[in-house]
Amino acid sequence: MNRNVEISSEAIDRLYNKLNREAEQSGYHLNPDIMFTKDLVRGLLINENRYGYWACPCRLASGDKSDDLDIICPCDYRDSDLTEYDACYCALYVSQKVLGGRKQAKPIPERRPPDHIRKRNADAIKSSPLSRLSLPVWRCKVCGYLCGREEPPEVCPVCKAKKERFERFI
């Protein structure tokens, strides 16, 4: 991956339009400050170029996709942040209140747990007695969608997160 690639305004506009369309179709909203939002989209494209995935532009990615899955946009914390603070951590996604101008997006605390806690939680899920069901249950870490099948779906039918964003839940 080339770290010094210039991101064109056309590429930013294409991704912005795609994200906006997908967000609205799924009941989400991008930040109405278009210049701010396009700057975040530029950050996603830079991170995609650096790491091969859309690491949150406001967080420090490790460069190891398996370690960063929870902060690939849309991140695992988006919905909780929207519910509690009316915006996600980087404010790419905002609530209807922010979209309508009734509230402003403000900085919010980091919700992402430290590495050692994330690893401990993953180990606890793997060792659960419910993990012996005939079919695994997969959970989308972005929106919480659950499905029982051999493999997770290629794309979450609710939030459009890719297969890698699913975790074996049970």
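The values are calculated or read from the model by the stated rules, or taken from the named source; none is laboratory data. Computed from a predicted structure; not experimentally measured. So basically every Cβ, Gly included, is an ideal-geometry build from the backbone, and we count neighbours across all protein chains shown.
I'd like to check something: does the range 3-25 contain any residue that is of a type in the set (Val, Ile, Thr), at pLDDT below 90 and in contact with a helix residue (DSSP H, G or I) (Cβ under 6 Å, 6 or more places away or on another chain)?
yes
Quick one: is residue 7 surrounded by fewer than 18 Cβ atoms within 10 Å (Cβ to Cβ), part of a helix (DSSP H, G or I) and of a type in the set (Val, Ile, Thr)?
Spelling it out, it is not the case that residue 7 is surrounded by fewer than 18 Cβ atoms within 10 Å (Cβ to Cβ), part of a helix (DSSP H, G or I) and of a type in the set (Val, Ile, Thr).
Is at least one residue of the range 60-71 farther than 18 Å from residue 158 by Cα, free of Cβ contacts under 8 Å to residues at least 12 places away in the same chain and either basic (Lys, Arg) or in contact with a Gly (Cβ under 6 Å, 6 or more places away or on another chain) (or both)?
Looking through the range 60-71, none of the residues is farther than 18 Å from residue 158 by Cα, free of Cβ contacts under 8 Å to residues at least 12 places away in the same chain and either basic (Lys, Arg) or in contact with a Gly (Cβ under 6 Å, 6 or more places away or on another chain) (or both).
When you check residue 13 against the structure, is it within 27 Å of residue 114 (Cβ to Cβ) and charged (D, E, K, R), yes or no?
Spelling it out, it is not the case that residue 13 is within 27 Å of residue 114 (Cβ to Cβ) and charged (D, E, K, R).
Please return the ranges of helices (runs of 4 or more DSSP H) entirely within the range 36-153 where 1 or more residues are modelled with pLDDT of 90 or more and not hydrophobic (A, V, I, L, M, F, W, C).
By residue number, 65-68, 78-85, 96-99.
One line per residue, one yes/no per condition, for (1) in contact with a Pro (Cβ under 8 Å, 6 or more places away or on another chain); (2) surrounded by fewer than 17 Cβ atoms within 10 Å (Cβ to Cβ); (3) among the polar types (S, T, N, Q):
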position	(1), (2), (3)
69	no, no, no
93	yes, no, no
96	no, yes, yes
103	no, yes, no
